[in-house]
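Input: a single structure, listed below in structure tokens.
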Amino acid sequence: MSSDKKWIVVTGATAGIGYSTAEIFAKNGDNIIITGRREDKLKELAQKLEKDFSVKVLYYAFDIKSKSEVLKFVDDIKSKNITPDVLVNNAGLSRGLDKVQNASFDDWEEMIDTNIKGLLYITRLVIEMMVKVDRGHIINLGSIAAYQPYTGGSVYNATKFAVRAISDAMNLDLIDTKIRVTAVHPGMVDTEFSTVRFNGDKDRADSVYNGIATLTADDIADIILYVANLPERVNVQHITVTPTQQRSINIINRNNIFE
Ligand code: NAP
């Protein structure tokens, strides 16, 4: 199934930033591989992108926390002779906003296993393929939480600090190659993120964004497409982007200034 077009892998494409990223690359004419756990959403998106943009779209429903499922996914794309040109490591989540003294072990483990270990499994396997052809770009979703700890954020912060550190170390490891590594660090983006954090409590999730013109998933997808399409000699290592109404984790203007 190799093709002259680029192959872009987007993890966590059933919602939010991943969904928009898959869409913008397809609109750009690239072939897309989308992953996530909700198979119905992946199938729907794959059909839509193929119809709207006449590109090839493959979808794989699996849990990024499972090393064996990640291995199976990579074996399958290898069997189709696909070496990804871009891997967007977007699948990730936060759970709860509890202080360390009250937080749940399960929440901590889910964040660590998804945001750090899942990202590492897929990255390790895809980078090996990229190194063989000396081409590729890994784009990791960090966060401003990778720079600024906040109350109740301890383990989510730790996972995003880890993504930042892993991105930096990967850039060093890949010095003898043409492979680029970018970490994109958004502030508030209005997606399913807060609803997942608060276990489906939509009212609590909505209150996070009160009075703020947040970033949209499309804003982040635009940035990802931009860095991926810069000349190969250009390696953007980090991009931090916040809403104009959010200059720092807790420095926020909630006065609806864009209404
Ligand atoms: P979202 O709307 O909740 O989307 C998260 C995506 O990750 C979903 O497609 C979900 O798919 C996937 N995912 C979660 N756990 C997974 C697992 N175990 N296996 C496979 N896929 C999994 O959130 P988002 O805002 O777009 O977040 C995307 C990334 O941006 C995350 O890494 C997040 O930390 C980061 N980020 C978000 C914000 C923000 O304010 N929204 C700010 C900074 C950084 P399934 O549920 O179908 O598995």
Review point. Mind ordering 154-160, 109-115, 20-26 by average Cβ neighbours within 10 Å, highest first?
Key: 20-26, 154-160, 109-115
Exercise for review: Place a +1 charge on the Cβ of each Lys and Arg in the range 106-152 and a -1 charge on the Cβ of each Asp and Glu, then give the dipole magnitude about the Cα centre in debye, rounded to the nearest 20.
Suggested key: 400 debye
Review point. So what is log10(I(q)/I(0)) for the range 147-255 at q = 0.13, 0.20, 0.22 1/Å, when the Debye sum runs over its Cα atoms only?
Key: -0.59, -1.18, -1.31
Point to revise | Packing-based order for 183-195, 69-81, using average beta carbon neighbours within 10 Å, highest first | key: 183-195, 69-81
Check your understanding: In angstroms, what radius of gyration and Dmax does the chain have, counting Cα atoms only?
Key -> 17.8, 54
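What is the magnitude of the charge dipole of the range 62-241 about its Cα centre, with +1 placed on the Cβ of each Lys and Arg, -1 on the Cβ of each Asp and Glu, and no other charges, expressed in debye to the nearest 20?
440 debye
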**Study point:** Residues with amide H under 5 Å from that of VAL88, placed H, sequence gap 5 or more
**Key:** VAL9, VAL10, THR11, ILE139
Exercise for review: Please work out the C-alpha center-to-center distance from the range 90-129 to the range 174-190 and express it in whole Å.
Suggested key: 18 Å
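Rule-based calculations on the coordinates, nothing more; no lab input. Remember, it's a predicted structure, so these values are computed and weren't measured experimentally. All Cβ positions, even for glycine, are placed from backbone atoms using ideal geometry, and neighbour counts span all protein chains on display.
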